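Working notes, structure below.
The values are calculated or read from the model by the stated rules, or taken from the named source; none is laboratory data. These figures come from a predicted structure and were not determined experimentally. Cβ: placed from backbone, ideal geometry, glycine included. Neighbour counts: every protein chain shown. For the accessible areas, the whole protein counts, side chains as well, though only heavy atoms, and no ligand, DNA or RNA atoms are used. Shrake-Rupley method; radii C 1.70, N 1.55, O 1.52, S 1.80 Å.
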Amino acid sequence: MKKSLTLAALLAVSCLGMVSCNKSNKETITLQFVPSNDAQTVLTRAKKLEPFFEKICPEYKFDMNVGTSYAVVNTALANGQIDGGFLTASGYAQESIENKGKVELLLSAARAGYKVQAEDFPGLTAEAREKQREAMNGTITKKGEKVTDANKADAYVYRGEQSSTVVNYYCSVVLTLRDSERTKLGLAALDTDGDGEVSLKEIHDAKAVWGTMGASSSSGFIYPTYYLYNNGYTKGFTSKSNYEALSTEDQKLYMINAQQEGYPKMIDNLMNGQIDVAVGFFDIRYGSAFVQTDGKYHNDPTLFTKTYTQAVLDPIMNDTVCVNANISQAKKDAIKKALKAAVDPKQGGDKNDDGDKNDVDHDGQPSPAYLVYQIYSHTGYVDGKDSDYDAAREMYQWTLKNSGK
């Protein structure tokens, strides 16, 4: 009987303990990143953000992960498989049209502008973007004058310098290796007429391979496709095998592409000659290579000296943080609070603090602001405004209308 009572007592205590544990269990918030940079690197950095977010919002447990593709994140968010996701402008535009009412815009990202675009040659018109392109290539001076033998010492030098100006847009850039570097790799020159510029026709006629991202990437696919369309390549991109099977007349309407596994890999493939053209956000050389402290090209200026900017494309609204519309307002507020704290210098620290120095506040670990910056180059978050993405919706509708043409 004594043993029986003891067992009963133990069971009672055990049950009470389980109830106590269940009561202390925190609700989980799941946030998912798109794999624009190396997925494993993004995941590692995202996981390091979890304890900071839980410190800011102690009532929740945060689960940060990375989707296998842009489309997977979109779908998971619309279906309620995750609470929040980092969607591109085009990704949000798509969801706001195809899954109206299921995905809610929470935040828009802010970025530090590039000095060449925000300060030295400001503007988003075609004329301003052409000046920016010339400056990035060093073919004009700081005053915007054409470089000659007489003033070549004053040629603009571009190394991805950042501006103090915070912007809510970015542009896609089209990059190639300079012909001098292509020759070293045994590749044919792209500037076949020797005028110092690489045209789309020269790229096409060389059967050059474009490195692109997934079809829902604004800067890595959609805006480059629009650029090609407006310059006569109305069919957009196709694989090399598909291209070779086309008639000569149809080939005139296509460019060859190969989808890449993130921007760091795309840059590496460009530098090694595995692809001929790279497209992505302004500037993938800087954000996905130069500042990546654990990357192959960290602080390597040859990223800029060995490459050539073929075009600076139309402006794109910054990335978004979206949530499934059905989650609680408390969860929405927590996500917003955590992300804004991460980029707040008073809470999230310095975006340049990689943890190498003795950082008492973060126990020698990279600051949250550094982690966010390394993942997506975000330096701030502001409350999202749906109407800011009207242009993105127009571009998405254009894409639907012209796909397959």
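If I take R0 = 30 Å and measure r between the Cβ atoms of ASN326 and LYS26 in this structure, what FRET efficiency does the formula 1/(1 + (r/R0)^6) give, to the nearest 0.05?
0.95
Please compute the net charge surrounding GLU127, taking Lys and Arg as +1 and Asp and Glu as -1 over other residues with Cβ under 12 Å from its Cβ.
Net local charge, GLU127 excluded: +1.
Could you work out what % of the accessible surface of the range 250-292 is carbon and sulfur, using a 1.4 angstrom probe and leaving DNA, RNA and ligands out of the count?
About 38 percent, which is the carbon plus sulfur part of the accessible surface.
Extent of the range 257-301 along each principal axis, from alpha carbon coordinates, in Å, largest to smallest?
So the three principal-axis extents are 28, 20, 17 Å.
To the nearest 0.05, how large is the calculated FRET efficiency for LYS240 and ASP193 if R₀ is 25 Å and r is the Cβ-Cβ distance?
0.55
Kindly flag which residue pairs out of LYS131/LYS385; LYS61/LYS336; LYS102/LYS346; LYS55/LYS265 have an alpha-carbon separation exceeding 24 Å in this structure.
Violating the 24 Å limit, Cα to Cα: LYS131/LYS385; LYS102/LYS346; LYS55/LYS265.
Count the net charge of all other residues whose Cβ sits under 9 Å from the Cβ of THR307, scoring Lys and Arg as +1 and Asp and Glu as -1.
That sum, taken over residues with Cβ under 9 Å, equals +2.
When ligands, DNA and RNA are left out and all protein chains stay put, how many square angstrom of accessible area per residue does the chain have with a 1.4 Å probe?
46
Could you work out [θ]222 nm for the chain from helices alone, using -39500 (n - 2.57) per DSSP H run of at least four and dividing by all its residues? Round to the nearest 500 deg cm²/dmol.
That comes out to -11000 deg cm²/dmol.
Could you sort out which of LYS47/LYS115; LYS152/LYS240; LYS331/LYS401; LYS47/LYS340; LYS146/LYS351; LYS351/LYS401 sit more than 29 Å apart by Cα distance in this structure?
Violating the 29 Å Cα-Cα cut-off are LYS47/LYS115; LYS152/LYS240; LYS331/LYS401; LYS146/LYS351; LYS351/LYS401.
For the peptides 303-314, 154-165, 61-72, what is the packing order when you average, over each peptide's residues, the other Cβ atoms within 10 Å and list the highest mean first?
Taking the mean over residues of other Cβ atoms within 10 Å, the ranking is 303-314, 61-72, 154-165.
Compare the Cα positions of THR248, ASN37, GLN310 along the charge dipole of the chain (+1 at Cβ of Lys, Arg; -1 at Cβ of Asp, Glu; about the Cα centre) and return the one farthest towards the positive end.
ASN37
Can you check what the net charge comes to around LYS102, using other residues whose Cβ is under 15 Å from the Cβ of LYS102 (Lys, Arg +1; Asp, Glu -1)?
-3
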